[in-house]
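For reference, the structure is listed below as structure tokens.
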Amino acid sequence: VKTSIEAIHSVNPDIYVLIGAGIKTGQDVYNVICEGADASGSSSAIALAENPEALVNEMLAAAREAWDERQSGN
């Protein structure tokens, strides 16, 4: 993920990077944002989840946590 983000930003550092492939859990969201993605997305994992609302909430919380950590420099 980090290599892909670096390659994209080498072409244009103003491009926002969204990583959506392979995202199935909140931990996946957390990981890609910590690696430098600006956003994450998921479709099939949410559509197939036993409790889609709970999964979306988990992913949103993970995104917020990762973003806050990146902004604080941790």
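Please find, within region 30-69, the residue that is surrounded by the fewest Cβ atoms within 10 Å (Cβ to Cβ) out of those that are within 19 Å of I8 (Cα to Cα) and of a type outside the set (G, A, S). Per the stated criteria, the residue is D38. Residues in region 1-40 that are touching a helix residue (DSSP H, G or I) at 6+ places or on another chain (Cβ under 7 Å) and acidic (D, E): E35 only. Considering only region 15-26, I want to know if a residue exists there that is of a type in the set (K, R) and surrounded by 15 or more Cβ atoms within 10 Å (Cβ to Cβ). Yes, region 15-26 has at least one match.
Read-outs throughout are calculated quantities, based only on the coordinates presented, and are distinct from any laboratory measurement. This structure is a prediction, so every number in the text was calculated from the model and none was measured. Cβ sites come from the backbone with ideal geometry, for glycine too, and all protein chains shown count toward neighbours.
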